[in-house]
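Nothing in this text is a laboratory measurement; each read-out follows from the coordinates by a stated rule. Keep in mind that this is a model prediction, so the values were computed, not measured. Heads up, the Cβs are rebuilt from the backbone with ideal geometry, glycines too, and the neighbour counts pull from every protein chain shown.
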Amino acid sequence: MKRAIFGAVVASTLLSANVYAETISISCGAVGQELELCQEGVAAWEKETGHTAKIVTTPNSTTERLALYQQLLAAGAKDIDVFQIDVIWPGILGNHFIDLAEYSNGAQDQHFPSIVANNTVKDRLVAMPWFTDAGVLYYRKDLLEKYDEQPPETWEQLTEAAQKIMDAEREAGNDKMWGFVWQGRAYEGLTCDALEWVASYNGGTIVDENGKITINNDNAKQALTTAAGWINTISPPGVLNYGEEEARGVFQTGNAVFMRNWPYAWSLGNSEDSPVKDKIGVVALPKGGEDGSHAGTLGGWQLAVSKYSENPEVAASLVMYLTSLEEQKRRAIVGSYNPTIESLYEDEEVLTAVPFFGSLYNTFANGTPRPSTATGAKYNQVSNAFWNATHSVLSGNVTADAALTKLNKDLKRISRGGRW
Ligand code: GLC
């Protein structure tokens with residue numbers, strides 16, 4: 001009897017979903033609260049559809065994740081149906097993904113058009129936008145107030161305030177205090193930070209929209225030289241090996257005045273057990289001098305379905321569920337992940353949870369893009385050359401002048417004389 005009832009319940013669940021239950025798999029990131037939020041979203045989709053999705057975790061470093069994906073996709077592996085991909089990858093990996101426009105019922109029209117354009121390769125929508133990102137400046141409200149400082153408008157002001165507050169706090173007994181933490185390891189994260197410095201000094205975006213290499217200029221040199229001056233003064237020498245989570249670790253334990261990071265650090269920094277809860281402010285990253293500009297690198301993640309998937313329809317249903325307005329709203333409120341659906345930037349609950357989604361709307365809507373569209377499949381080589389050049393300047397091994405002269409040559413070779 002029991003079994004018959006159980007059978008009837010299962011049958012009706014399957015009938016209401018009108019499909020047979022399938023099992024697929026999805027790769028989710030695990031930076032900050034990402035994994036937890038992905039699990040919850042997947043569980044809700046499972047409940048609604050009767051399908052199952054296994055979650056495959058991937059390395060935190062974007063650079064390592066790309067290497068793993070390239071291996072799997074080049075081998076036509078069926079292990080992962082849904083891939084979480086970086087905003088800079090459609091040109092590198094797009095050929096391995098299906099056209100989601102066939103399953104989306106036009107849902108992409110609610111999202112930022114620039115991200116949809118970014119995810120469209122040769123007229124195919126290779127990924128749905130999931131969350132967007134832009135670099136922002138975190139600061140300790142309590143410390144700035146204590147030392148009568150305002151949030152900095154320029155890098156020069158940041159450097160001065162960071163040094164002053166750090167020195168005073170050390171004097172007062174906190175010998176672990178640093179002025180400014182950020183992402184300095186030789187990986188994609190450093191490309192993001194360094195692009196912000198360069199763009200903020202009006203030094204361009206490494207390669208411009210038309211594919212012209214622009215990095216070898218005086219403003220870019222000034223930007224990198226300024227950043228090199230932070231090492232072991234306001235930034236710990238260890239910053240040269242920091243990713244996002246290492247920087248957050250230092251800031252969240254209360255040992256840094258300023259931090260450059262993505263919006264996800266907001267929710268965690270304000271969680272119940274965070275030593276800096278309610279002590280954090282967020283503003284746009286500083287300008288390079290009075291004539292510079294505020295620049296936050298555009299980041300973000302998309303969901304794509306592998307061409308090698310045996311269940312593309314089920315996989316696409318998961319993608320559409322996770323990228324929907326309801327899920328993006330939940331992720332914004334719980335985890336401060338930026339929606340890619342424009343209307344959510346006017347949602348009261350979202351703005352209460354993350355006020356700077358409103359005050360920094362421009363930073364998110366007009367982030368500084370990395371040159372991944374212009375350089376297409378070559379982007380990772382370009383970025384690799386740029387982060388290595390930057391890392392060697394930060395390490396004090398070469399001058400910015402020598403590093404950028406060499407980088408210029410390397411990029412010419414990679415681009416085969418500008419043809420990309
Ligand atoms: C964030 C961004 C992503 C970027 C990465 C670098 O995850 O969203 O676009 O490539 O950081 O570490």
Enter the angle in degrees (range 0 to 90, nearest 10) between the Cα long axis of helix 188-200 and the first principal axis of the Cα atoms of the chain, meaning the one along which they spread out most.
50 degrees
Do you know the relative contact order of region 136-266, to the nearest whole percent, from alpha carbon pairs under 8 angstrom that are 6+ apart?
36 percent
Most mobile listed residue (244, 327, 348) in the chain, GNM with C-alpha springs under 10 Å:
348
Top positive-direction residue, dipole computed over the chain with Cβ charges, set 136, 100, 177
100
Mean separation of Cα pairs under 8 Å and 6+ residues apart, divided by the residue count of the chain: what relative contact order is that in percent?
24 percent
Going fewest to most other Cβ atoms within 10 Å around each Cβ, 293, 415 line up as 293, 415
Cβ-Cβ cut-off under 13 Å around residue 33, Lys and Arg +1, Asp and Glu -1: the net charge is -2
Can you give the Rg and Dmax of region 226-300 based on its C-alpha atoms, in angstrom?
13.4, 41
In Å, what Kirkwood hydrodynamic radius results for region 230-374 from the alpha-carbon pair distances?
17.5 Å
Nearest 10 degrees is fine. How inclined is helix 400-414 to the longest principal axis of the chain, computing both from alpha carbons?
40 degrees
State to the nearest 20 debye the size of the charge dipole of region 236-375 about its Cα centre, where the only charges are +1 on K and R beta carbons and -1 on D and E beta carbons.
380 debye
A 31 angstrom limit on the alpha carbon distance is what I want to check against. Which of 279/329; 122/221; 287/409; 176/329; 54/277; 122/412 exceed it?
122/221; 176/329; 54/277
Just from its helices, what would the mean residue ellipticity at 222 nm be for the chain, if runs of 4 or more DSSP H residues each count -39500 (n - 2.57) and the sum is divided by every residue, rounded to the nearest 500 deg cm²/dmol?
-13500 deg cm²/dmol
Lys and Arg at +1, Asp and Glu at -1: neighbours of residue 222 with Cβ under 13 Å from its Cβ sum to -2
Rounded to two decimals, the Debye log10 I(q)/I(0) of region 5-164 (Cα scatterers, no solvent) at q = 0.09, 0.13 Å⁻¹ is -0.48, -0.82
Residue 253 versus residue 54: modelled label distance in nm, points set 7 Å from Cα along the beta carbon direction:
3.6 nm
Extension length gain for residue 75 and residue 398 (0.36 nm per residue less Cα distance), in nm, is 112.3 nm
Scaled radius of gyration (Cα, divided by 2.2 N^0.38 Å) that the chain gives:
1.03
State the antiparallel share, in %, of DSSP beta bridges confined to the chain, rounding to the nearest 5.
65 percent
So, with +1 on the Cβ of K and R and -1 on the Cβ of D and E, and no other charges, what is the size of the charge dipole of the chain about its Cα centre, to the nearest 20 debye?
1380 debye
Quick query: amide H of residue 338 versus all other amide H atoms, modeled in the peptide plane; which residues come in under 5 Å with a sequence gap of 5 or more or a different chain?
132
Could you list, by residue number, the cysteines of the chain that have no other cysteine's beta carbon within less than 4.7 Å of their beta carbon?
192
Projected onto the charge dipole of the chain (unit charges on the beta-carbon of Lys, Arg, Asp and Glu, signs +1, +1, -1, -1), the Cα from 380, 238, 334 with the largest positive-side position is that of 380
Using Cα centres only, tell me the gap between region 314-369 and region 297-313 in whole Å.
18 Å
Most fluctuating residue of 82, 282, 56 in a GNM of the chain with Cα springs under 10 Å: which is it?
56
Cα-derived Rg to Rh of region 51-94, Kirkwood definition:
0.95
Work from the charge dipole of region 195-339 (Cβ charges, +1 for Lys and Arg, -1 for Asp and Glu, about the Cα centre) and give the residue of 309, 284, 215 farthest towards its positive end.
284
I'd like to know how region 78-180 sits against the 2.2 N^0.38 Å rule of thumb: what's its Cα Rg over that expected value?
1.75
Mind pulling the angle between the C-alpha long axis of helix 2-17 and the longest principal axis of the chain? Nearest 10 degrees, somewhere in 0 to 90.
60 degrees
Could you pull out every one of the aspartates and glutamates with an alpha carbon less than 20 Å from that of residue 307, ignoring same-chain neighbours closer than 8 positions?
22, 79, 81, 86, 99, 102, 123
How big is the shadow of the Cα convex hull of region 201-249, averaged over all directions, in nm²?
4.6 nm²
Residue 271-residue 40 pseudo-label distance in nm [points 7 Å out on the Cα-to-Cβ vector]
1.2 nm
Around residue 99, with a cut-off of 12 angstrom between Cβ atoms, what is the net charge of the other residues, counting Lys and Arg +1 and Asp and Glu -1?
+1
With labels modelled as points extended 7 Å from the Cα through the Cβ direction, what inter-label distance (nm, one decimal) is found for residue 148 paired with residue 377?
6.2 nm
Using the alpha-carbon centroid of each, what span in Å lies between region 124-185 and region 253-295?
5 Å
